[in-house]
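Colleague: There's a structure below that I have some questions on.
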Amino acid sequence: MPIFLTGKNLLVGQLEKLEFGLRELRRNTDVELHERVDLRAWTTLGVGGVATLVARCHSAIAVIQTLDLIASHGLSWVCLGGGTRLIASDRGIRVPVVSLTGELARWEMELDGMIAGAGANLAQVCRATLRNRLAGLESLGYNDHSIGGLVRAWVDGTVRLVGIVDWIEMQRPGREPERWQATKGQQVPAAEDLHRSVVTRVRFRLRPSGLAEIKPRSISPNRTRALRSTGPVFLDSRDATAADLLAEAGCANAAVGGVRLGGPRGNELVAGRSATAIDVLDLCRKSRDRVLAATGVELFSALVF
Ligand SMILES: Cc1cc2nc3c(=O)[nH]c(=O)nc-3n(C[C@H](O)[C@H](O)[C@H](O)COP(=O)(O)OP(=O)(O)OC[C@H]3O[C@@H](n4cnc5c(N)ncnc54)[C@H](O)[C@@H]3O)c2cc1C
């Protein structure tokens, strides 16, 4: 089970220099800076400590300049999308957090597809395709992830997007923007490229279709629900679903602190107000150990710690 990334390398003095640089950058570029951001408000489960510095980039140019500046201070970064899969440490994140907004949270429809900013909300993007009678994304479900998080999940092997993604634009420090184009030979971008990059825009190939033929998989429930929940916690193994393995090991509704396993398939986390990131980590470790002892199968986490 992974441990949290906290980014211990943002040293005293380094933050001030970086902030100064980002403030200078802000004069010419669309970057918003937020200091001491409470990650509980930015993640679905509502856990995690404080992010020392969040740079909200409104354009692809802002992303590359921000990444270049961060790299010039010898630092790494964390990209935060919808916060549905990323579990930040209760001690917070001390490297800069990059998040996408402005033109990177918008999309444009085309006759046979759409170009979406990586910060756009998947649920809104799916509704827009439905309104425009374009089929292809409806099987994804209508959830509050970001397009960038969806691409990362695809590259991590948890979601299937083959045939739907036409190209992906990515930025990494010290490089010109890169465009990965889907071809018959390479249907998924290389994980090591994506893990070192921030995805900024994606083009989806969609089919013009009648409304009756587009069947949305699910509509995300109303946000007024009392408890917050994630998507799947563990990946399915080759021979059995994670939900079945958890049930077999007696983990149904297992709880630690303010978090319990639940959801329609029993492989989701449900969090109350007192939940902490360490509760999430403990519950995942205990459930994984119980499944291993009861079934001999090792479960792998779908969450990003
Ligand atoms: C087993 C499994 C099955 C799933 N099936 C489906 C499905 O069928 N349909 C569906 O819609 N969703 C599905 N999901 C959910 C999907 O994984 C989420 O859409 C996505 O992972 C989380 O998006 P987010 O924006 O909340 O990312 P976050 O929780 O904010 O971040 C998750 C990871 O993505 C990285 N990331 C976020 N944005 C970017 C970016 N712009 N550039 C680079 N990296 C970025 C983060 O750094 C982090 O590592 C599934 C998830 C799992 C685990």
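The values are calculated or read from the model by the stated rules, or taken from the named source; none is laboratory data. Just so you know, these numbers come straight off a predicted model, no measurement behind them. As a convention, Cβ positions derive from the backbone with ideal geometry for all residues, glycine included, and neighbour counts pool all protein chains shown.
Colleague: With region 183-293 as the region, which strands (runs of 3 or more DSSP E) entirely inside it contain at least 2 residues that are modelled with pLDDT of 90 or more?
Modeller: 198-205, 259-262, 268-271
Colleague: Quick check: anything in region 167-175 at pLDDT below 90 and not in a strand (DSSP E or B)?
Modeller: no
Colleague: Select from region 125-141 the residues that are free of Cβ contacts under 8 Å to residues at least 24 places away in the same chain and of a type in the set (D, E, K, R) and write down the one among them that is farthest from L161 (Cα to Cα).
Modeller: Among residues in region 125-141 that are free of Cβ contacts under 8 Å to residues at least 24 places away in the same chain and of a type in the set (D, E, K, R), the one farthest from L161 (Cα to Cα) is R131.
Colleague: Contact list please: Cβ distance under 7 Å, first residue in region 179-202 and of a type in the set (K, R), second residue away from the ligand (no atom under 13 Å from the Cβ), pairs at least six apart or on different chains.
Modeller: Between residues of region 179-202 that are of a type in the set (K, R) and residues that are away from the ligand (no atom under 13 Å from the Cβ), the close pairs are R179/W167; R201/I115.
Colleague: May I ask you to say which residue of G102, G148 is surrounded by fewer than 22 Cβ atoms within 10 Å (Cβ to Cβ), within 14 Å of the ligand (Cβ to nearest atom) and modelled with pLDDT of 95 or more?
Modeller: Checking each option against the conditions leaves just G102.
Matching residues to (1) within 13 Å of the ligand (Cβ to nearest atom); (2) of a type in the set (D, E):
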{"position": "A242", "(1), (2)": "yes, no"}
{"position": "C251", "(1), (2)": "no, no"}
{"position": "V256", "(1), (2)": "no, no"}
{"position": "E268", "(1), (2)": "yes, yes"}
{"position": "L283", "(1), (2)": "no, no"}
{"position": "K286", "(1), (2)": "no, no"}
{"position": "L292", "(1), (2)": "no, no"}
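Colleague: Continuing with this model, one more query. Within region 83-91, is there a residue that is over 23 Å from Q124 (Cα atoms) and either surrounded by fewer than 17 Cβ atoms within 10 Å (Cβ to Cβ) or of a type in the set (S, T, N, Q) (or both)?
Modeller: Yes, region 83-91 has at least one match.
Rundown of residues vs (1) touching a residue at least 40 places away in the same chain (Cβ under 8 Å); (2) of a type in the set (V, I, T), yes/no style:
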residue: E248; (1), (2): yes, no
residue: E268; (1), (2): no, no
residue: A271; (1), (2): yes, no
residue: A275; (1), (2): yes, no
residue: T295; (1), (2): yes, yes
residue: A302; (1), (2): yes, no
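Colleague: What residue, of I61, I115, I70, is away from the ligand (no atom under 11 Å from the Cβ), over 30 Å from S274 (Cα atoms), surrounded by fewer than 24 Cβ atoms within 10 Å (Cβ to Cβ) and free of Cβ contacts under 8 Å to residues at least 40 places away in the same chain?
Modeller: I61
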